[in-house]
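Participant: Once you've had a glance at the structure underneath, I'll fire off some questions.
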Amino acid sequence: MGKLTRILSTAALSAAIASVSLTAAADGTTNWRMATPWSGGPWLERDAQSFATHVRELSNGSINIEVFPGGTLGSALKVTDSVKSGVAQVSHNYINYDYGKDQTTALLAGHSSGLTPEEFMLWMYKGGGAELYEQYRLDKFGVVAFPCSILGTEIFLHSNKPVRTLEDFKGLRLRTSGAWAEIASRLGASTVVLAGSEIYSALERGVIDAAEWGSPEMNRPTGFQDVAKYVVLPGIHQSGGVLECQINKKVWDGLNPKQQTVLRDAAKLSVFDSWLSSSYADLKAYAELKNGKNEIVRLDPSFIKAVYEETAKWEDEYAGKNEWFKRVLDSQRTFKKDMQSWPEYRLQIGVSEL
């Protein structure tokens with residue numbers, strides 16, 4: 001394609017986008033395109049759609065969001081760029097996909113020895129986390145963003161080798177990503193970053209020994225349990241986390257305060273909906289794993305302690321050179337101290353004292 005052709009194609013795309021916006025304004029309805037990294041499954045078909053539905057209902061139909069699967073509005077792993085450029089007005093996204101640009105994203109996405117799903121919700125809405133999230137995204141990336149879905153505790157590994165101790169973990173050929181890739185390497189694993197679509201065949205062919213991906217609900221459709229004998233628990237590498245919704249800054253600034261409140265409220269409702277749906281779906285998915293052909297393996301407490309200690313070192317290192325990282329880390333550590341009395345008066349879910 002020649003330079004002139006590319007320029008004309010870009011101009012045509014820009015004109016088409018502008019035309020859609022003008023037409024939408026003329027009939028009284030604002031139509032937005034939502035970019036996502038998801039090709040399908042609950043995060044696209046349930047969580048992203050849930051936000052779109054809540055926005056439509058809370059805005060009395062004045063804001064309509066069309067959800068697009070990953071790759072249709074730009075790169076699936078560069079959704080932030082699609083929103084910032086205006087190709088999409090809104091997104092449903094995983095902030096950790098921007099980890100390479102700033103490691104603070106790991107704290108907000110969820111990381112090893114981080115917050116549980118319930119702690120994330122408390123920290124976000126009562127501990128100042130949501131405000132920090134929004135300020136950080138705007139300051140560092142130029143988009144408006146807030147929590148939009150809760151991530152459940154993940155399965156530590158689908159593995160063809162049993163892993164219980166730190167010695168078992170050393171030398172393990174492990175598929176992972178983000179902060180855990182760094183921390184796991186420091187603990188002795190041989191880490192490789194693969195797209196989700198490549199994990200099944202890599203496990204099946206023995207290219208990797210083990211992989212982490214998501215919670216029981218998210219992993220069940222992948223079939224990892226069919227090509228890896230062991231299911232290793234608990235998911236200390238990702239005890240919980242959040243997905244986000246992003247809004248283009250120019251679009252956000254064009255909204256009135258009531259509309260901005262609608263978007264924040266829709267996101268908060270979507271967080272609660274996702275927690276209910278994913279938590280309940282995880283129960284059935286885990287039961288199928290437990291009652292299936294796989295062997296359930298639990299990590300030795302000494303290994304869990306080693307992960308926590310190495311994670312703390314990793315946190316302190318980045319906090320020493322990244323102001324935003326330190327700001328978010330300090331907030332989360334203060335919150336976790338406040339939560340220390342929780343087990344003293346709260347019963348553990350699923351455990352009977354009778």
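Participant: I'd like to check which helices (runs of 4 or more DSSP H) are fully inside segment 73-178 and have at least 1 residues that are out of contact with any helix residue (DSSP H, G or I) (no Cβ under 6 Å at 6 or more places or on another chain). Steps first, answer last, please.
Facilitator: Working: elements: 79-85, 104-109, 117-126, 129-141, 166-169.
Qualifying helices (runs of 4 or more DSSP H): 79-85, 117-126, 129-141, 166-169.
Participant: Now a separate question. Sort out which residues of segment 175-210 are hydrophobic (A, V, I, L, M, F, W, C), more than 19 Å from residue 100 (Cβ to Cβ) and either open to solvent by 50 Å² or more (accessible area, probe 1.4 Å) or touching a residue at least 24 places away in the same chain (Cβ under 8 Å) (or both), and write them in order of number.
Facilitator: 187, 199, 202, 203, 207, 208, 210, listed by residue number.
Participant: Considering only segment 144-168, state which residues are among the β-branched types (Val, Ile, Thr) and open to solvent by less than 50 Å² (accessible area, probe 1.4 Å).
Facilitator: Hits for segment 144-168 are 144, 150, 155, 163, 165.
Participant: Right, here's the next one. Where in segment 201-298 are there strands (runs of 3 or more DSSP E), lying fully within it, with 2 or more residues that are over 19 Å from the mean Cα position of the chain (by Cα)?
Facilitator: Correct list: 230-233, 295-298.
Participant: If you don't mind, another one. Only residues that are in a strand (DSSP E or B), surrounded by 18 or more Cβ atoms within 10 Å (Cβ to Cβ) and within 21 Å of the chain's Cα centre (by Cα): list them for segment 39-72, please.
Facilitator: 65, 67, listed by residue number.
Participant: Still on this structure, I have one more. Sort out which residues of segment 292-337 are within 11 Å of residue 113 (Cα to Cα), among the hydroxyl-bearing types (Ser, Thr, Tyr) and surrounded by 15 or more Cβ atoms within 10 Å (Cβ to Cβ), and write them in order of number.
Facilitator: Listed by number, the list holds a single entry, 311.
Participant: Can you find a residue that is of a type in the set (D, E, K, R) and over 20 Å from residue 289 (Cα atoms) anywhere in segment 177-185?
Facilitator: Yes, because at least one residue in segment 177-185 is of a type in the set (D, E, K, R) and over 20 Å from residue 289 (Cα atoms).
Participant: Looking only at segment 126-142, how many residues end up being without any contact (Cβ under 8 Å) to a residue 12 or more places away in the chain and buried (at least 21 other Cβ atoms within 10 Å of the Cβ)? Spell out how you get there, then give the answer.
Facilitator: Let us first name the residues in segment 126-142 that are without any contact (Cβ under 8 Å) to a residue 12 or more places away in the chain, namely 126, 131, 135.
Keeping just the survivors that are buried (at least 21 other Cβ atoms within 10 Å of the Cβ) gives none.
The number of residues fulfilling the criteria is 0.
Participant: Tally the residues that are closer than 14 Å to residue 242 by Cβ and aromatic (Phe, Trp, Tyr), restricting the search to segment 125-176.
Facilitator: Selection size over segment 125-176: 4.
The values are calculated or read from the model by the stated rules, or taken from the named source; none is laboratory data. Source: prediction; values computed, not measured. Positions of Cβ are backbone-derived with ideal geometry, glycine not excepted, and every protein chain shown enters the neighbour counts. Just the protein is used for accessible areas: all its heavy atoms, side chains included, with ligands, DNA and RNA removed. Shrake-Rupley method; radii C 1.70, N 1.55, O 1.52, S 1.80 Å.
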